[in-house]
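In what follows, a structure is listed as structure tokens, so that the remarks can point back to it.
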């Protein structure tokens, strides 16, 4: 295969996004396959660390994958161990860091063209969070992107707040701590204005918010049309509660119904995001769906694809990752839902260790307590 | 001439020698792999843990082989000054006369432990004369051993209650905790906090939290290939024996530069040793997600020219060489990270950086080096051992840094 040009790949990707945003299918299997294989060929030629790894998996100039399912995936940790970019990172328009205990241990995702990220982000957010196209007020329990430019979640909500918001966005999270007073003032103001809100934050931030509101005895009745975007698990945090309990308490404290609480699933290492499918939001088991340029294989421990319905590990193939690595292997567990989409389960690495063994969660808790004195 | 020990103390508790003797006799019966209760327990432990038969056999041999009357009595005599101190006042140089009274009630929560780790605590609690409740696992190992003890000495059986444990939130469990003068508990931080909250105010709590162990291969133990192979065999045993479970399993080891065998070459030797040890102690499963995830990361780094990933050819295990030291060790089953280092300062920095709670450090030799001794003291570990012996802690050692019988007695001094 001849190595395609970046601009051709980007044009093809943006065309898929436009098509889907306009109500089309975006891309079928053949179109996805074609762009995935072309993108791999491009990345093999321009991303040396990825090419070296692919070679150890048996893919080189003489042997290329024949389907998107065969595209070699890097472990998500690879973003910590190497610079996975197809371009000179001095020219990166976006640079996102994973959460690490120190700057040097964080993974870095360099993105050459913000336009690809923005297009994928807005198309997915519009479809799954704003199908009714409202102009919401954004109350963000995420890092402020002006102060934390390397937070992908901060960038995402900053971008959405500017382009889809009413111009009065609030950030109520600083250094990982929820500013409950700032949040409460902003939500009270929105209630007084009758302005529907979108409250976005991590599950952990919501738990902190709820604990404070419940301790004060404060409740809100968010204006009709309000919604919540909850993202992320409790990774690296000491306290965890069940998601069902979280949503019950959010309903009670904020007056936003469970149906209007949408869990987003994204990774710093990916350009595109998953959301709870609208059809599953009333169900016991929520199904995550993604735009058609992001596909997921469920694989076993050794990376072999599993049949539909079997639980395994999620390997994502994101055509938006043109300037880094197309396929990323995660430690997230899940299975393919019968009607399409995936059901997300816990992380394998966080399974509790047996006996008196130390496990990863123990270590995070110990490190956290050491940090906080 | 000293009078022989009384068979019973004034309050009807069997004397310490009789208890130690009964424990040792029961343990001797359990040391026989064909002893029917052991056969049944082996089956139940295998079902609970998924370990293969050689692993369970090794564990039970080590456990019961250590419960020796002389070792029990020597430990008590060492900690209390003499055995007689359990029955009468004894003189101490420079301090008031003392006697030790066993506490009334001991509760041992063993539900989150590997195989039989509650047994030594039970043996010493009985030696102190305490009525002991043991929260057992569903393999009923403690309950079965208690039945054997009762056969050896019926009055001892009356002092043990081995019961199933459903957590601290049922009324019976709470009452067992609230009654106890001493509670010995094995578990994670959250479980220990919860248990502690249920104790009476003046109860003594002896927590055994989740911990790990570290290997340190000093250059003196890498003089030549033969020595390196011996050390590697020890590391492999310590890492693979219980599938990497438990606080005495190795997940990380530092290898000093400057020996006759360099760290990278040692990692290759360790790979072979792991393959050999996997035959002796096979895994009870075909693959492990944590191991595979770590292997992929290590393989990616190796493809970039950093380190190496040596995976088992026939069995699930992994030796990862030169993993980043700013990342925590791989706390996943049958996986060991070998870190090259210039000295114990590197290892200590690693321990501190990741706030690793260490149970033990295992060295290659007994070499006397001041820097190694300083490292060991600063590391927080409560035991130093030779590589290859980690999984056989001596009964007379202070597990977790605590005395063996001291938690179960209270001193009475005369002054």
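The numbers here are math on the coordinates, done by the rules we state, and not lab data. Note that the structure is predicted; figures quoted are calculated from it, not measured. Positions of Cβ are generated from backbone atoms using ideal geometry, with glycine treated the same way; all protein chains shown enter the neighbour counts.
Subtracting the Cα-Cα distance from 0.36 nm times the residue separation, let me have the gained length for residue B:389 to residue B:194 in nm, one decimal.
So the chain would gain 66.9 nm between residue B:389 and residue B:194.
Based on the Kirkwood radius over alpha-carbon pairs, what value in µm²/s does the Stokes-Einstein equation return for the translational diffusion coefficient of segment B:191-292 at 20 °C and 1.002 mPa s?
After rounding, the answer is 135 µm²/s.
Set the Förster distance to 25 Å, then compute FRET efficiency between residue A:175 and residue A:252 from the Cβ-Cβ distance, nearest 0.05.
Computed FRET efficiency for residue A:175 and residue A:252: 0.35.
In square nanometres, what is the average projected area of the Cα convex hull of segment A:16-166?
10.6
Report Rg/Rh for chain B, rounded to two decimals, where Rg is the Cα radius of gyration and Rh the Kirkwood radius.
A ratio of 1.00.
Do the sum for chain A: with -39,500 (n - 2.57) for every DSSP H run of n ≥ 4, divided by all residues, what is the mean residue ellipticity at 222 nm, to the nearest 500 deg cm²/dmol?
After summing the helix terms and dividing by the residues of chain A, the value is -10500 deg cm²/dmol.
What is the extension gain from residue B:97 to residue B:304, computed as 0.36 nm multiplied by their sequence separation minus the C-alpha to C-alpha distance, in nm to one decimal?
Result for the pair: 67.7 nm of gain on full extension.
Given segment A:159-276, report the % of alpha carbon pairs whose separation exceeds 21 Å. The partial results should precede the final answer.
Details: 2483 of 6903 pairs.
In whole percent, the share of Cα-Cα pairs in segment A:159-276 beyond 21 Å is 36.
What's the average, rounded to a whole number, of partner chain beta-carbon atoms within 10 Å of each residue's beta-carbon in B:297-307?
Values: counts 8, 3, 5, 15, 8, 3, 13, 7, 2, 2, 1.
Average neighbour count from other chains, rounded to a whole number: 6.
For residue B:374 and residue B:164 in one chain, what is 0.36 nm times their gap in residues minus the Cα-Cα distance, to one decimal in nm?
Result: 71.3 nm gained on full extension.
Just from its helices, what would the mean residue ellipticity at 222 nm be for chain B, if runs of 4 or more DSSP H residues each count -39500 (n - 2.57) and the sum is divided by every residue, rounded to the nearest 500 deg cm²/dmol?
Value at 222 nm, helices only, nearest 500: -12500 deg cm²/dmol.
Please report, largest first and rounded to whole Å, the three semi-axes of the ellipsoid equivalent to segment A:106-223, where each semi-axis is the square root of five times an eigenvalue of the C-alpha gyration tensor.
One finds semi-axes of 25, 19, 11 Å for segment A:106-223.
For segment B:104-152, count the residues as N, evaluate 2.2 N^0.38 Å, and divide the Cα radius of gyration by that value, please.
Details: Rg = 10.2 Å, N = 49, 2.2 N^0.38 = 9.7 Å.
Scaled against compact globular proteins, the figure is 1.06.
Mind checking the log10 I(q)/I(0) for chain A at q = 0.06, 0.07, 0.13 Å⁻¹? Debye, one equal scatterer per Cα, no solvent, two decimals.
The Cα Debye sum returns log10 ratios of -0.23, -0.31, -1.11.
How much of the calculated P(r) for segment B:348-415 lies past 20 Å, in percent of all Cα pairs?
Of all Cα-Cα pairs in segment B:348-415, 42 percent lie more than 20 Å apart.
For a quick check: sort A:50, B:339, A:335 by the number of other beta carbons within 10 angstrom, fewest at the front.
Details: A:50 25, B:339 22, A:335 18.
Fewest-to-most ranking of A:50, B:339, A:335: A:335, B:339, A:50.
Using only the alpha-carbon atoms, what does the protein assembly as shown span along each of its principal axes? Please give whole angstrom values in decreasing order.
101, 67, 49
Average projected area of the Cα convex hull of segment B:303-395, in nm²? Don't jump to the answer; show the numbers that get you there.
Details: hull surface 30.2 nm².
The directionally averaged projection comes out at 7.5 nm².
Which ordering of A:27, B:127 is given by a fewest-first count of other beta-carbon atoms within 10 Å?
The order, fewest Cβ neighbours first, is A:27, B:127.
Sorted from fewest to most neighbouring beta carbons within 10 Å, what does the list A:150, B:251, A:5, B:210 look like?
In order of increasing Cβ crowding within 10 Å: A:5, A:150, B:251, B:210.
Per the Debye formula with a single identical scatterer at each Cα and no solvent contribution, what log10 I(q)/I(0) holds for segment B:212-381 at q = 0.09 Å⁻¹?
Rounded to two decimals, the profile gives -0.26.
Extending each Cα 7 Å along its Cβ direction at residue B:172 and residue A:193, get the distance between those two points in nm, one decimal.
Label at residue B:172, label at residue A:193, 6.0 nm between them.
What FRET efficiency do you get for residue A:133 and residue A:18 if R0 is 22 Å and r is their Cβ-Cβ distance, rounded to the nearest 0.05?
Efficiency, rounded to the nearest 0.05: 0.80.
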